[in-house]
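> For reference, the structure I am asking about is given below.
The values are calculated or read from the model by the stated rules, or taken from the named source; none is laboratory data. Keep in mind the model is a prediction, meaning the values are calculated, not measured. Cβ placement follows ideal geometry from the backbone for every residue including glycine, while neighbour counts extend to all protein chains displayed. To get the accessible areas, we keep the full protein, side chains included, count just its heavy atoms, and leave off ligands, DNA and RNA. Shrake-Rupley method; radii C 1.70, N 1.55, O 1.52, S 1.80 Å.
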Amino acid sequence: MTSSNPPKAALHFGQVVIGPPGSGKTTYCRGMQEFLSHLGRKVVVVNLDPANEGLPYSCAVDISELVTLDDVMDGLKLGPNGGLIYSMEYLEANLDWLETKLKYHHDCYFLFDCPGQVELYTHHNSVKNIFAQLSKWNFRLTAVHLVDSHYCADPAKFISVLCTSLSTMLHIELPHVNVLSKMDLIEQYGKLAFNLDFYTEVLDLTYLVEHLSADPFFKKFHRLNVKLAEVIQDYSLVSFVPLNVQDKESMTQVLRTVDKANGYCFGDLEERNLQAMMSAAVGADFQFNASLSVQEKYMEATGKTAEDEVMDL
């Protein structure tokens with residue numbers, strides 16, 4: 001008598017796109033959907049943001065069929081933040097609805113467009129539990145955390161972005177890729193104090209803290225900033241990939257990073273490039289050249305020599 005093993009459940013790969021309001025999540029989903037379609041991947045977008053209206057992309061699953069932010073705010077007399085938290089709790093309580101919807105697209109690559117409320121990813125547990133349930137359904141997901149690149153021009157805001165990114169990484173508990181979005185607008189609020197790779201690789205933050213102390217307002221918070229920088233560097237988890245959605249080279253770099261994080265590049269769903277797979281295996285894909293290329297494309301040259309920059313530091 002022979003016993004047959006039950007069939008192994010199929011793997012589903014995808015991205016959960018998270019980040020603060022206005023960081024470009026919906027635009028990213030639209031751009032990535034088009035980009036993946038041109039690569040030959042069968043991709044669907046799942047809108048998990050009950051506040052999203054007038055979606056610019058074709059949406060396979062839309063949370064508005066289950067709950068909308070306006071209905072929650074009107075019915076329960078909640079504000080936008082409370083309404084979003086309630087909506088995510090409602091989705092968590094009705095995961096059977098989501099499971100049924102997703103089953104219609106079992107052979108696709110998934111992009112989950114998530115709400116833009118920071119607390120959902122740093123403190124509240126509903127979104128974390130939803131992602132955990134997706135993992136139990138054999139979804140191999142990467143959290144793509146978008147942050148506006150122009151925050152690099154303000155040292156105080158950049159330190160807060162680092163803290164938020166670190167907190168999100170620790171709370172969500174998924175393979176994580178932090179992305180500096182809207183690279184074409186990076187210097188619209190001022191010049192960067194350091195080269196771009198200082199921000200993407202999160203190099204020695206003592207330089208950033210000293211630069212921040214030059215501002216009389218922040219000088220009295222010097223000790224606090226030092227301790228925040230020490231926490232970020234002690235974990236040594238946060239780094240960023242620069243992105244301009246309209247730039248094919250930039251989208252390719254982000255996609256390669258995501259595919260390494262969730263293991264898609266090791267799968268058999270399409271023909272893989274051997275060099276890319278080996279690069280993922282040994283971690284040999286260096287980011288410095290990519291950051292240098294982006295800096296040359298979107299940032300004005302300072303005209304300073306290396307010696308001048310060292311003297312400035």
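> In the stretch 215-234, how many are closer than 22 Å to residue 149 by Cβ and open to solvent by 80 Å² or more (accessible area, probe 1.4 Å)?
If we filter the stretch 215-234 for residues that are closer than 22 Å to residue 149 by Cβ, which is where we start, we get 215, 218, 225, 228-229, 232-233.
Filter once more, so that each one left must be open to solvent by 80 Å² or more (accessible area, probe 1.4 Å): none.
Counting residues in the stretch 215-234 that are closer than 22 Å to residue 149 by Cβ and open to solvent by 80 Å² or more (accessible area, probe 1.4 Å) gives 0.
> Can you tell me which residues in the stretch 238-249 are in contact with a Ser or Thr (Cβ under 9 Å, 6 or more places away or on another chain) and either open to solvent by 80 Å² or more (accessible area, probe 1.4 Å) or of a type in the set (S, T, N, Q) (or both)? Write out each step before concluding.
Here is the first cut: in the stretch 238-249, the ones in contact with a Ser or Thr (Cβ under 9 Å, 6 or more places away or on another chain) are 238-245, 249.
239, 244, 249 - these are the residues of the stretch 238-249 that are in contact with a Ser or Thr (Cβ under 9 Å, 6 or more places away or on another chain) and either open to solvent by 80 Å² or more (accessible area, probe 1.4 Å) or of a type in the set (S, T, N, Q) (or both).
> Restricting the search to the stretch 97-153, which residues are open to solvent by 10 Å² or more (accessible area, probe 1.4 Å) and among the acidic types (Asp, Glu)?
99, 107, 119, 148
> Restricting the search to the stretch 216-227, which residues are basic (Lys, Arg) and part of a helix (DSSP H, G or I)? If you could, list the steps in order and put the result at the bottom.
Quick first cut of the stretch 216-227, residues basic (Lys, Arg) only: 219-220, 223, 227.
Of everything in the stretch 216-227, those that are basic (Lys, Arg) and part of a helix (DSSP H, G or I) turn out to be 219, 223, 227.
> Which of the residues belonging to the stretch 191-224 are of a type in the set (S, T, N, Q) and either touching a residue at least 40 places away in the same chain (Cβ under 8 Å) or under 11 Å from residue 159 (Cβ atoms) (or both)? Don't jump to the end; show me each part of the working.
Kept after step one, since they are of a type in the set (S, T, N, Q), are these residues of the stretch 191-224: 195, 200, 206, 213.
Those that are of a type in the set (S, T, N, Q) and either touching a residue at least 40 places away in the same chain (Cβ under 8 Å) or under 11 Å from residue 159 (Cβ atoms) (or both): 195, 200.
> Moving on. For the stretch 136-147, name all the residues that are out of contact with any helix residue (DSSP H, G or I) (no Cβ under 7 Å at 6 or more places or on another chain), in contact (Cβ under 8 Å) with a residue 24 or more places away in the chain and not aromatic (Phe, Trp, Tyr). Walk me through it before giving the result.
Of the residues in the stretch 136-147, the ones out of contact with any helix residue (DSSP H, G or I) (no Cβ under 7 Å at 6 or more places or on another chain) are 136, 138-139.
Subset that is in contact (Cβ under 8 Å) with a residue 24 or more places away in the chain: 138-139.
The one that is out of contact with any helix residue (DSSP H, G or I) (no Cβ under 7 Å at 6 or more places or on another chain), in contact (Cβ under 8 Å) with a residue 24 or more places away in the chain and not aromatic (Phe, Trp, Tyr): 138.
> If you check 231, 202, which single one turns out to be on the phi > 0 side of the Ramachandran plot and of a type in the set (A, V, I, L, M)? I'd like the intermediate steps shown before the answer.
On the way: 231 fails: on the phi > 0 side of the Ramachandran plot.
Among 231, 202, only 202 is on the phi > 0 side of the Ramachandran plot and of a type in the set (A, V, I, L, M).
> Something else about it: Considering only the stretch 159-175, I want to know if a residue exists there that is at pLDDT below 90 and open to solvent by less than 30 Å² (accessible area, probe 1.4 Å).
The first filter runs over the stretch 159-175 and keeps only residues at pLDDT below 90, leaving none.
Within the stretch 159-175, none of the residues are at pLDDT below 90 and open to solvent by less than 30 Å² (accessible area, probe 1.4 Å).
> Moving on to the next point. Which of the following residues is in contact (Cβ under 8 Å) with a residue 24 or more places away in the chain, among the small types (Gly, Ala, Ser), part of a loop (DSSP other than H, G, I, E, B) and crowded, with 17+ Cβ neighbours inside 10 Å: 23, 58?
On the way: 58 fails: crowded, with 17+ Cβ neighbours inside 10 Å.
So the residue among 23, 58 that is in contact (Cβ under 8 Å) with a residue 24 or more places away in the chain, among the small types (Gly, Ala, Ser), part of a loop (DSSP other than H, G, I, E, B) and crowded, with 17+ Cβ neighbours inside 10 Å is 23.
> From the list 23, 64, exactly one residue is farther than 30 Å from residue 160 by Cβ and hydroxyl-bearing (Ser, Thr, Tyr). Which is it? Please lay out each step first, then the result.
Working: 23 fails: farther than 30 Å from residue 160 by Cβ.
Answer to the check: 64.
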